[in-house]
Structure formats: C-alpha cells, structure tokens
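Data block below; observations after.
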Amino acid sequence: MRAVAIGAAVSTVCASVAIGAVSLLPFTVAAKAGPRHGTAPAVLEHVRVARHPGFDRVVFEFASGTPAWSARYVPKVVHDGSGKPVALPGTAFLHVVFHGASIDRAQAGGPDIVRTPRFPTLLRVKEAGDFEGVVSFGLGLRRRAGFRGFHLNGPGRLVVDVAH
C-alpha cells in the first residue's frame with residue numbers, strides 16, 4: 001500500500017515537471033477560460049496535436065505572449081462572421097476562442113488550419129475564424145468528455161487536453 005502512495009506521488013511530481021511545474025487541473029465538462037499573458041498582441045504560430053495515455057492534447061503556440069481564451073461545449077461550431085457550420089466529425093464539439101490574437105499564416109500552415117488525428121477522443125481540430133483580434137477553433141470529438149485547459153510559458157502556449 002505504501003509503494004502505491006509513493007508511486008502516485010512520483011507520478012504527480014513527474015507530470016508537473018513535464019509541463020513546466022504547472023499543477024494539472026481536473027478533467028470536467030464545464031466551460032473554462034484564462035487571462036492574457038504578455039503585453040503584445042498574441043500571434044498564433046503553430047497548432048499541434050498529440051495522443052497521451054488517458055487524454056488527447058491540442059497545443060496552440062503563440063509568439064508575443066498568449067491571448068485571453070475560453071473553451072466550452074457547443075451544439076455546433078460556426079465560422080465567425082458567416083455563421084456557416086464548421087465541418088467537424090464526432091458527436092460533441094468544443095469551441096476554443098482566443099481574444100487579442102491573430103494567425104501567422106506562413107508559420108501556422110496556410111489559409112485554413114486543420115488537423116485530423118483521429119485519436120481516441122479527438123477527431124479533428126479546425127479553424128473557425130480569424131477576424132478583428134478574435135481567433136477561434138472547433139474540436140470535433142468522438143463523444144462528450146472531460147477536458148482541461150491551461151497556459152505554459154517559453155514559448156507561450158495554450159493547451160487543451162481531452163480525456164479518453
């Protein structure tokens with residue numbers, strides 16, 4: 001029994017060290033939000049996805065700090081401005097919005113950012129807008145699952161993890 005407790009403590013410490021000493025938040029289905037970090041307008045340069053034991057991860061990497069952000073479940077994700085639905089597979093949809101941001105198209109991968117990993121929960125990440133300082137993305141999920149979001153420094157990143 002004691003070995004299990006020590007192992008759990010070591011796992012927790014290792015997880016914190018792995019993401020820059022950030023305490024990992026619990027997975028919940030509640031909406032989440034975070035403040036801006038830095039003073040210059042945040043510029044999105046990279047969107048990466050990765051599969052981890054127990055969760056799928058989306059990393060939004062910014063130059064010049066990170067913007068204020070929010071993430072929540074929605075019945076459908078729509079393109080900013082036009083209101084047309086964003087094509088996302090799955091039965092549940094997360095809408096991630098960045099305020100005070102823009103996209104560096106040369107760094108981020110062209111005119112429309114899409115990642116289709118087909119992971120256990122995360123099926124697709126697709127840009128939904130970049131207009132007047134607001135950048136948004138839709139995440140198509142296999143099913144509604146708990147998620148967490150948090151900020152990392154060096155470089156500035158906003159991370160969204162979705163539980164399996």
Rounded to the nearest 10 degrees, what's the angle between the helix 2-18 long axis and the longest principal axis of the chain, both from Cα atoms, 0 to 90? 30
So, counting K/R as plus one and D/E as minus one, what does the shell of residues with Cβ under 10 Å around Val160 add up to? +1
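Taking all protein chains as present, what is the carbon and sulfur share of the accessible area of segment 61-164, in % to the nearest whole number, probe 1.4 Å? Working shown, then result.
On the way: 2260 of 4340 Å².
Reported share for carbon and sulfur atoms: 52 percent.
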Could you state the number of Å between the C-alpha centres of segment 121-139 and segment 84-103? 3
Area of Thr91 that stays accessible when all protein chains are in place (1.4 Å probe, Å², to 10): 110
Magnitude of the Cβ-charge dipole (Lys and Arg +1, Asp and Glu -1) of the chain about the Cα centre, nearest 20 debye, reported as 680
Can you work out ³J(HN,Hα) from phi for every residue in segment 91-100, in order, using Karplus 6.51 cos²θ - 1.76 cosθ + 1.60 and θ = phi - 60°, giving whole Hz and x for Gly and Pro? 10, 9, 9, 9, 10, 10, 10, 10, 9, x
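Send over the semi-axes of the chain's equivalent ellipsoid, whole angstrom and largest first, taken as the square roots of 5 times the C-alpha gyration tensor eigenvalues.
Over the Cα atoms of the chain, the ellipsoid semi-axes are 27, 20, 13 Å.
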Residues of segment 67-131: accessible area per residue with a 1.4 Å probe, Å²: 47
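The values are calculated or read from the model by the stated rules, or taken from the named source; none is laboratory data. Not measured: the values here are computed from a predicted model. Cβ atoms come from the backbone with ideal geometry, glycine included; neighbour counts cover every protein chain shown. Calculation scope for accessible area: heavy atoms of the full protein, side chains included, ligands and nucleic acids excluded. Shrake-Rupley method; radii C 1.70, N 1.55, O 1.52, S 1.80 Å.
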